[in-house]
Amino acid sequence: MRVTPCQAALAGAIGLNLLLLYCVWRGPGGPPPASCRGPRGVPGVTVLLRDFEDFENDLAGTARSFASLPVPVLVTAETAPYPPVPLPPGVGLLPLRPAADRPPPLARPELLVRTRHVALVPDGTRPLPGLLERMRDALEEGAGGARVVAAPVGTAPARCLELRLERREWTARYGPGAPGACRAVEGPAVLLLRTRDLFALPFPLARPVPTAIFVQAAFRGWGLRLFPTAFPAARRPPVSPHGRWKSENLAESRRRRLMRDLGIKREVLADGRERWYGCGKDTARCFGTVYARTPQYLLAGRWTPPCCLRALRETARHVAGMLEAAGVRYWLEGGSLLGAARLGDIIPWDYDVDLGIYREDVGKCRWLAAAAAGEPVEDAEGFLWEKAAEGDFYRVHYSRSNRLHVDLWPFYPRGGVMTKDTWLGHPQDVEFPESFLRPRVPMAFAGFTAMAPNNARAFLELKFGPGAIENPEYPNPAVKRLGSD
């Protein structure tokens, strides 16, 4: 039978793909154990070595020690370690970064894990015969709804932590955990899961591995069991100062990337310290332009990111201080007064702060006067004052980059009624008697004392209707109602 050039090319391409699959499947350390090549879901545990640094590691020793057990071992990384690491026979490489010249199965790492269970083992760990099997048996017992079993590494006692996720507030809170309520483990640990559970997670092999697993498990309500027996840790030379610096910087960047992917902008640690991952003065704010008075985060079932609330509080405190120092009469307006009356703070889903001012006082503040002249001006602390493009009012932004802002609405009296020249069509944007401002009174708001109308309840019910303080609602209930999340 005569073979056409087209058929020959097709056969060659198929053969090349099979050869590539075989070569990658073998990995740099030789062919994987037989269990790796068996049908998917066979009994056993696959060891994944994921948390290590290219520049200083114990990868060869860790791989060699676990390869001595009857378990498959895979080094898991975006690309092959560099400098190259001599992996022992039977240890394969599981590359995570897609490459155009790799065969399709390698785009899905889970296809290379054939066993029913998988263990995520930190660098520098040494095996203890039978411990992985006991962890697997403990997982299968299912006590307390456990879907993750953790065993400490080294001699330091592992600490069980509670982990509470406040999704609407973009926050993860850690605290001391009782043995039956463990949701995270402090310190290095081997984590064992069912393979199907691990690869059902949206970020199964993200780093840092323990944090990624604990948070995703907590989102799903999975239990975590802390195993009492510890794996030994290798004796390793001290990390060089340069290596420590690189490792700390990489750990910080990985953690920030992970928190961004998981939708967490603040961690409250067990000792009360906080880590922040959201916006700052040198970044854009966390959300874009607001349409129909309904920011995007409300549509996603969340409230204002905590970093944005922190920036709004700081901006409001700064603006109020500048106005008071200049003798500008101001007061809390609209939703900001509503938040002060309810909580003494910004409403948890609000996206700006509103202050009313007397129009005749604008010239008393140099920053307001400059903004009124039409030029945005940055004050000594980096806050940007400008005239709003939408009408006759002013905005003070957290910074040039971060447009979280305080709106300053210039009112003036007319026949005993306070009015203004720009109305944006908000239902609560109405005139009111000047008697509410004679006198203005101090009121707790956003961590400082602001000035407010003398009868906040009557003022708010004039603007929002009866029961406004007791009956919270989102800014535009026609688009999104409170409680519909």
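Assorted remarks:
- Yes/no for F459 being assigned to a strand (DSSP E or B) and surrounded by 13 or more Cβ atoms within 10 Å (Cβ to Cβ): no
- Enumeration of residues in segment 251-277 that are among the acidic types (D, E) and open to solvent by 60 Å² or more (accessible area, probe 1.4 Å): E252, D261, D271, E274
- Scope segment 352-386; condition more than 34 Å from the chain's Cα centre (by Cα), surrounded by fewer than 19 Cβ atoms within 10 Å (Cβ to Cβ) and either of a type in the set (G, A, S) or not in a helix (DSSP H, G or I) (or both); matching residues: Y358, G363, A369, A370, A372, A373, G374, E375
- Residue in segment 348-358 that is assigned by the TED database to the domain that holds V441, among the hydroxyl-bearing types (S, T, Y) and in contact with an Asp or Glu (Cβ under 9 Å, 6 or more places away or on another chain) present: no
- Number of residues in segment 307-337 that are open to solvent by 10 Å² or more (accessible area, probe 1.4 Å) and in contact with a helix residue (DSSP H, G or I) (Cβ under 6 Å, 6 or more places away or on another chain): the value is 3.
- Residues (in contact with a Phe, Trp or Tyr (Cβ under 8 Å, 6 or more places away or on another chain) and under 21 Å from V328 (Cβ atoms)) located in segment 405-428: H405, D407, L408, W409, P410, F411, Y412, V417, M418, T419, K420, T422
- Residue tally, condition without any contact (Cβ under 8 Å) to a residue 60 or more places away in the chain, surrounded by fewer than 18 Cβ atoms within 10 Å (Cβ to Cβ) and of a type in the set (S, T, Y), over segment 278-302: 2
- Any hit, segment 144-151, residues being in contact with a Pro (Cβ under 8 Å, 6 or more places away or on another chain), open to solvent by 40 Å² or more (accessible area, probe 1.4 Å) and not basic (K, R): no
Yes/no per residue for (1) at pLDDT below 90; (2) of a type in the set (D, E); (3) within 31 Å of the chain's Cα centre (by Cα):
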| position | (1), (2), (3) |
| --- | --- |
| T46 | no, no, yes |
| E56 | no, yes, yes |
| Y82 | no, no, yes |
| L94 | yes, no, yes |
| D101 | yes, yes, no |
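- Those strands (runs of 3 or more DSSP E) lying entirely in segment 127-211 with at least 2 residues among the β-branched types (V, I, T) and either modelled with pLDDT of 95 or more or at negative phi (or both): 146-152
- Residue within segment 435-458 that is of a type outside the set (F, W, Y), under 35 Å from the mean Cα position of the chain (by Cα) and more than 18 Å from G356 (Cα to Cα) present: yes
- Exclusive hit being out of contact with any Gly (no Cβ under 7 Å at 6 or more places or on another chain) and over 25 Å from G321 (Cβ atoms), set R400, R438, R395, R457: R457
- Top-ranked residue of segment 51-83 - restricted to ones that are without any contact (Cβ under 8 Å) to a residue 40 or more places away in the chain and in a loop (DSSP other than H, G, I, E, B), ranked as most open to solvent (accessible area, probe 1.4 Å): Y82
- Scanning segment 390-414 for residues that are outside any strand (DSSP E or B) and without any contact (Cβ under 8 Å) to a residue 40 or more places away in the chain yields E390, G391, D392, F393, R400.
- Checklist (1) touching a Phe, Trp or Tyr at 6+ places or on another chain (Cβ under 6 Å); (2) under 20 Å from P202 (Cα atoms) applied to L269, failing item: (2)
- For segment 340-351, the set of residues classified as assigned to a helix (DSSP H, G or I) and surrounded by fewer than 21 Cβ atoms within 10 Å (Cβ to Cβ) consists of A341, R342, L343, listed by residue number.
- Considering the conditions (1) open to solvent by less than 70 Å² (accessible area, probe 1.4 Å); (2) farther than 29 Å from A389 by Cβ, D429 is excluded by exactly one of them, (2).
The values are calculated or read from the model by the stated rules, or taken from the named source; none is laboratory data. All values reported here derive from a predicted model rather than from experimental measurement. Counting neighbours? That spans all protein chains shown, and the Cβs are built from the backbone with ideal geometry, glycine included. SASA here: full protein model, heavy atoms, side chains in, ligands and nucleic acids out. Shrake-Rupley method; radii C 1.70, N 1.55, O 1.52, S 1.80 Å.
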